[in-house]
Amino acid sequence: MRHQRKRHRLSRPQDQRKALLRSLATSLFIHNEIQTTLAKAKALKDYSEKIITLAKRGDLHARRQVLKFIYDLETGKDLCINCNKIDDKSECSDEEKKIVKETVLRKLFTSIGSKYADRNGGYTRIYKLPPRRGDGAPMAIIQLV
């Protein structure tokens, strides 16, 4: 019997479902909120909260585990390694600055993980939207709290 074995299958094979959730999670961490269907948002909520819990740990093993669940894309911003702030807001002097491209993994472990350090779950929020005009699919916005 399949008691307590709920999975969000999203009418896709396993490889497509994993790729979809991986790309949705990456977009969520880059933009802090995305608009998608309600079913995908509910599936993404469980998926992304596990990733944020790993990011709160902050060790090397957690980084390697998170890399299995997201695409490590560049966010388009520069990051100062010394103070872990975006280049424009950096407090370091010009000699001390070590600028690197901010990636999703770096953003997760520097800003998002530390932001939720004292919170025990509930990192995302889902708002329902009116149905999509084309096919009537229920829509939602999922965002980081």
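A short reminder: the numbers here are calculations on the coordinates, not readings from a lab. Note that the structure is a prediction, hence the values are computed from the model and not measured. We place every Cβ from the backbone using ideal geometry, glycine too, and count neighbours over all the protein chains shown.
Quick one: net charge of residue 18's neighbours, Cβ under 11 Å, K/R +1, D/E -1?
Numbers: positive: 12, 17, 22, 68; negative: 15.
Counting the neighbours of residue 18, the net charge comes to +3.
Note on the stretch 14-144: Kirkwood hydrodynamic radius from all Cα pairs is 15.8 Å, rounded to one decimal. Taken along the Cα-to-beta-carbon direction at a fixed 7 Å, the label points for residue 4 and residue 101 span 4.5 nm. Ignoring lysines fewer than eight residues from residue 77 along the same chain, the ones with Cα atoms less than 16 angstrom from its Cα are 85, 89, 97, 98, 101, 107. Protection proxy ranking for 118-127, 69-78, using the average of other Cβ atoms within 10 Å per residue and placing the highest first: 69-78, 118-127. Once you reduce the stretch 1-30 and the stretch 50-64 to the center of their Cα atoms, the two points are 19 Å from each other. Helix 38-57 and the long axis of the chain differ in direction by around 30°, with both axes built from C-alpha atoms.
Counted residue by residue at 0.36 nm each, then reduced by the alpha carbon distance between them, the extension gain from residue 117 to residue 73 reaches 13.5 nm.
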